Structure formats: C-alpha cells, structure tokens
Amino acid sequence: MITALIKSPRKAADLIRAGGLIAFPTETVFGLGVDATNDEAVRKLFDAKGRPSSNPLIVHIADASRWSDAAATLTPSAEALLFEFAPGPLTVVLPKRTEVSTLVTAGLNTVGLRVPSHPIAAEILHVAGRPVAAPSANLSGRPSGTRWRSVLEDLDGRIDAIFQQDGHSLGVESTVVDCTGDVATVLRCGAVTTEQIQRVLPDAREIAGKSHCGAYEGVRSPGTMHPHYQPRAKVKLIDSPTSVEVAEGARVAYCGLLPIKKQDALVASAVFDTLDDYAAAFYEFLREADRHEATIIYVQYAPDHGIGHALRDRQLRAAGER
Ligand code: AMP
Ligand code: MG
C-alpha cells in the first residue's frame with residue numbers, strides 16, 4: 001500500500017467513507033481514523049497498528065448533539081461533562097449503539113465517545129457525517145505520534161493517507177470517564193484534569209485512587225493493561241538531572257524541566273520552561289532519542305499537578321512500570 005500525504009479535509013473524509021485508514025491531527029495526538037460502522041475497515045486498523053483486539057477504540061463525532069450516532073443513551077453525568085468540555089480532550093464511556101462495530105468496542109457493550117476540538121479533525125468528521133473510530137496513530141506500544149513525520153515513521157505503507165500538517169497538540173491523550181454508573185469514574189487521566197471534572201461532578205473519582213491513575217483500571221479500561229508509549233531505549237525516571245549516571249559506552253538522552261550539564265555521552269536533550277510544553281513534546285522527545293540511538297533515556301518525573309498528573313502516568317508507562 002502507498003501512503004498518500006494529503007492536505008484536504010474533504011479528501012480525508014471521502015477516504016474514510018470509502019473504508020480507508022487516515023491519520024489526522026487532533027488537539028491531543030494524531031488519530032488514525034476509520035468508519036466505526038465498517039467492520040472490514042476496523043479490522044484493517046487493528047492490523048495496521050498491531051493493536052490487540054481486546055483494546056477498544058474511541059469513537060469520534062463532529063458535535064456533541066450527535067451522541068446518538070454511537071451511544072444508545074446519554075446519561076446525566078455524560079451530558080454534564082460534554083456540556084462543559086466538548087469539543088475537547090474528553091472521552092465519555094456510554095452504553096453502545098448496536099450500529100457501532102463490536103470490533104471497535106472489543107466486545108464491550110459500552111462505547112467511548114469524543115468530540116475533538118481541532119479544526120481539521122472537526123471538519124473531517126463533519127464532512128464524513130458518520131462516527132469515526134480513531135486510536136492514536138502509532139504502532140501499538142510505541143509513543144503516540146504528535147507530528148505527521150512521526151506518524152509516517154511508524155505507519156508508512158500500512159495506512160491509506162496521512163494529513164500533512166503539524167500544529168499545537170496537548171501531547172497527552174483524552175481523559176476517559178466512565179459515565180455508565182451512578183458515580184462518574186476517571187478510567188484514564190488526560191488533558192482534562194480530575195479537579196476540572198469534579199467541578200462539574202463533585203462525586204467523580206479516579207478508578208485507582210492512587211497518586212497516578214491507571215494502576216488497577218485493567219478490567220474497566222482494557223487498553224491501559226497493554227505496554228504503551230515505549231521507545232526502543234530504556235527509560236529511567238529521575239527526580240533531578242543530578243541523578244543521571246553514565247555507564248561505559250552508554251548513549252544518554254535526557255528530558256525534563258531542570259537543565260542538565262553538557263557531557264560527551266549526551267546524544268539528545270530537551271529542557272522545558274513549562275509543564276504544558278513538557279507534556280506537548282514528551283512523546284516526540286522519546287522518538288527523537290531513538291533516532292539518535294540513545295541506549296538510555298533519563299526522564300525527569302513530572303510534578304503532580306495540572307497536566308503533570310497525566311504526564312506522570314505516561315512517563316510511568318514509557319518506563320514499563322505499572
Ligand atoms: P487510545 O486509542 O490509544 O487513545 O486508547 C483508547 C483508550 O480508551 C484505552 O485506554 C481504552 O481502554 C479506552 N476505552 C475505549 N473505549 C472504552 C470503553 N468502551 N470502555 C472503557 N474504556 C474504553
Ligand atoms: Mg494509543
């Protein structure tokens with residue numbers, strides 16, 4: 001398969017309607033979209049990513065008012081959250097509508113629903129006029145793609161087209177909230193913080209009840225059980241760059257908020273002024289370190305506030321710790 005580089009939302013929408021696999025930018029990370037009602041296209045998507053079939057896909061719609069394209073009912077908690085945060089980096093889990101492929105939901109009777117705010121994603125969805133299942137556009141297990149060239153690096157020849165445009169991305173995926181029960185439960189922390197959710201739903205809680213969410217959510221959010229966000233190099237979390245140790249022959253990479261001293265073994269480094277910048281660039285830095293054939297990546301563990309909460313979760317997973 002030849003992967004086309006495209007710049008037209010209409011072209012992207014037409015390809016999706018025809019059963020194609022199209023990577024496009026969203027405000028979180030690049031998504032890899034297919035028609036959520038087309039079993040064959042969904043099967044091709046799991047193959048292209050090498051994604052385990054037990055990991056359900058988030059379904060994207062153009063507007064919150066179209067929730068019934070994918071969900072059977074809109075619960076009061078989901079309605080309240082969508083009113084506040086849609087369009088934006090939030091996914092609500094609701095009872096599934098039968099028309100959505102069961103491959104999309106990995107056999108679950110629920111569906112994750114999101115309304116992206118990125119103008120290109122929004123236009124593609126609007127023109128496609130149907131629900132679009134879209135996981136992150138990367139090979140399963142690798143860091144998510146936040147630049148089109150990184151998407152190409154993983155998926156060239158495996159998908160039909162990539163939307164050739166970079167823009168600002170938040171750099172961590174959407175917050176996934178289970179809205180099917182009496183109490184809304186954050187299954188995956190993300191760009192919308194738990195505090196923001198609790199301002200709308202004071203009873204809402206995180207599933208793990210730990211300093212980072214994701215520790216025990218396997219059963220309810222299957223995707224979080226699989227290895228994720230991992231570069232080829234070993235990732236080691238540290239509190240300060242003074243903890244960086246250089247072994248004989250090591251090629252070292254470092255990213256964080258505190259500066260690191262220049263040294264011969266350092267093949268890639270990135271220091272960020274703000275936590276938002278750190279989150280936005282984190283996945284791309286892991287890929288950059290791989291391009292420089294780093295053997296070890298020292299990652300300064302993000303502080304636990306704002307988007308740092310979600311970034312810490314991704315950092316732990318990149319390091320293979322759960
Ligand atoms: P990704 O596509 O890599 O952003 O991952 C999607 C995330 O959403 C994974 O953590 C999934 O487990 C989660 N997810 C999608 N659909 C559901 C659902 N119906 N119930 C619970 N979690 C879901
Ligand atoms: Mg992913």
Contact order relative to length for segment 32-123, counting C-alpha pairs under 8 Å separated by 6 or more residues, stands in percent at 35
CD proxy, 222 nm, the chain: helix-only mean residue ellipticity via -39,500 (n - 2.57) per DSSP H run with n ≥ 4, per residue, nearest 500, stands at -7500 deg cm²/dmol
List the aspartates and glutamates whose Cα lies under 14 Å from the Cα of Lys234, skipping any in the same chain that are fewer than 8 positions away. Glu245, Glu288, Asp290, Glu293, Glu321
Phi angles of segment 30-38, converted by Karplus (6.51 cos²θ - 1.76 cosθ + 1.60, θ = phi - 60°) into ³J(HN,Hα) in whole Hz with x for Gly and Pro, give 5, x, 10, x, 9, 4, 6, 9, 10
Quick check: Cα centre of segment 164-207 to Cα centre of segment 124-138, how many Å? 20
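Past 30 Å, Cα to Cα, is the threshold; run Lys49/Lys236; Lys7/Lys236; Lys44/Lys96; Lys7/Lys44; Lys7/Lys262 against it and keep the listed order.
Too far apart for the 30 Å limit: Lys7/Lys236; Lys7/Lys262.
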For a quick check: with amide H placed at 1.01 Å from N, whose amide H comes under 5 Å from Leu113's, ignoring anything fewer than 5 positions away on the same chain? Val59, Val92, Val93, Leu94
Using amide H atoms built in the peptide plane, which far-off residues or other-chain residues are under 5 Å from Gly31 H to H? Phe24, Thr26, Ala137
Under 8 Å for C-alpha pairs, at least 6 residues apart: give me the relative contact order for segment 65-192, rounded to a whole percent. 26
Give me the one-decimal Kirkwood hydrodynamic radius in Å for the chain, with the sum taken over alpha-carbon pairs. 19.7
Arrange the peptides 41-51, 115-125 so that the one whose residues have, on average, the most other Cβ atoms within 10 Å appears first. 115-125, 41-51
Once the piece of chain linking Ser117 and Lys262 is laid out straight, how much longer is it, given 0.36 nm per residue of separation minus the C-alpha distance between them? 48.2 nm
Reachable lysines, given that their alpha-carbon falls under 16 Å from the alpha-carbon of Lys261 and they are not under 8 places away in the same chain: none
Return the long-range amide H neighbours of Ile238 (sequence gap of 5 or more, or a different chain), with a cut-off of under 5 Å between placed amide H atoms. Val299, Gln300, Tyr301
Cα-based convex hull, segment 264-322, per residue volume (Å³, whole number): 81
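Where a number appears in this text, it was derived from the coordinates with a stated rule and is not lab data. This one's a predicted model, so the numbers in the text were calculated from it and none came from an experiment. Counting neighbours? That spans all protein chains shown, and the Cβs are built from the backbone with ideal geometry, glycine included.
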